[in-house]
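Written below as structure tokens is the structure these notes are about.
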Amino acid sequence: MSGKQPKQRLAPAKRLLGLLLLGLIIVVSMVGGFWASGGFAREEPGAMEGFAHQLLFVIVMAVFGAMVLAGGVLAYAIVYYTNGLTSDFTRPFFASFKPRLYFANVFVGLLFILGIALLIGAFATPILANLGLGSTLSFLLPLGCTLIIMQFVLMWLQIWSPLERRVIARRLSALGITPEQIESGIPIGISDPTQSSFRKMTLVEDDLGMLWIAPNLLIYRGDTDHFDIPRDRFIAMERKADAGSTSAYAGAVHIILRFFTPDGQERQVRLHTEGCPTLSRKARSLDELAGRLQDWVDQSGSVPAAEIEVLAMPPEGNQ
């Protein structure tokens, strides 16, 4: 067993470059749409003169923005309460769940962003128009600024974290794991650290499940994968940020477990904590999990036979 390993964070320059690149993509998209709409053309100010005209604009925009935002809330509720449009947890679900959640995130996120942008624009546009800006510029400027800011806000907020916990619990329950055992587990996703996450178009995780830390055994049960790591097969724990995961740009340093499989092959597994409401909380939860795992590495002990019998399911349990 190895001692404590240093955390390999993304270099500050790489984190800054990644955020700037994302911001540049968003800004270029906004500017492109602004230019295509003729927003840069000269326009005489005062196009929204008159209190009645401005009041009508505020009412129409606010109502439309509220409707779009309500549509986002409704779409979110539908996705959540249908478990990401998943009805059967008696068989593996994650492969089809990943693209559905990806498109749901795009669609719901767009409704949230657009609804908030329209609500802000409803009140900001008349103010900018009264300051002398043309009607097109006074309309598009608050929308564009809100869209850019909200992109970063929704990247930081993990709006699907309650759904992650929900589907993990449903799948493990279908596999015969009791509610008490699920309550004591740690929701995690796993991925292969030998494969680049940049190649993945949807979620970077390869599987979702739970981890249990027993005195002499680490236990993982997921949708399609499962493993046990007794102390005599544990090799090392490493900390290295996954550059292909957005959480790495919020300071998250992922955990990599190295261990021997029952047939003597070495395996590496990267851990992603799930169910965290924000990227910064995800980074802290990884540090907390790493602390618990380091304590497990530093301690010795034995697992009662009954505990192994309860938690360690046979291989056919995940088929």
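Any read-out appearing in this document is the output of simple, stated calculations on the displayed coordinates, not a laboratory observation. Remember, predicted model here, so these are calculated numbers, not experimental data. We place every Cβ from the backbone using ideal geometry, glycine too, and count neighbours over all the protein chains shown.
For the stretch 74-184, what relative contact order do you get, as a whole percent, if you take Cα pairs closer than 8 Å and at least 6 residues apart? For the stretch 74-184, the relative contact order is 29 percent.
Scalar couplings 3J(HN,Hα) for the stretch 171-182, obtained by applying the Karplus form with A = 6.51, B = -1.76, C = 1.60 to θ = phi - 60°, are 5, 5, 4, 5, 8, x, 7, 6, x, 5, 5, 5 Hz; x denotes Gly and Pro.
For the stretch 139-234, what relative contact order do you get, as a whole percent, if you take Cα pairs closer than 8 Å and at least 6 residues apart? Please report the intermediate quantities before stating the final value.
Details: 87 pairs, mean separation 19.0, N = 96.
Across the stretch 139-234, relative contact order equals 20 percent.
Between PHE123 and ASP192, the simple label model (points 7 Å from Cα in the Cβ direction) yields a spacing of 5.2 nm.
Extending each Cα 7 Å along its Cβ direction at SER184 and LEU74, get the distance between those two points in nm, one decimal. About 4.5 nm, to one decimal. Size check on the stretch 160-311: the Cα extents along the three principal axes, sorted descending, read 41, 31, 27 Å.
Between GLN265 and ILE213, the modelled labels are 2.8 nm apart [label points 7 Å from Cα along Cα→Cβ]. On full extension, the segment bounded by GLU288 and THR82 gains 71.0 nm, given 0.36 nm per residue less the C-alpha separation.
Between VAL63 and PHE103, what is 0.36 nm times their sequence separation minus the Cα-Cα distance? Round to one decimal in nm. Numbers along the way, then the final one.
Working: separation 40, 0.36 × 40 = 14.40 nm, distance 2.62 nm.
Full extension of this stretch gives 11.8 nm more.
Would you please put 52-60, 275-283 in order of how densely packed they are, using the mean number of other Cβ atoms within 10 angstrom per residue and starting with the highest?
Numbers: 52-60: 12.8, 275-283: 18.4.
Order by mean packing, descending: 275-283, 52-60.
Dimensions of the stretch 50-156 based on its C-alpha atoms, expressed as ranges along the principal axes with the largest first, amount to 63, 23, 17 Å. Sorting 177-184, 136-143 by average packing, meaning the other beta carbons within 10 Å per residue, from highest down gives 136-143, 177-184.
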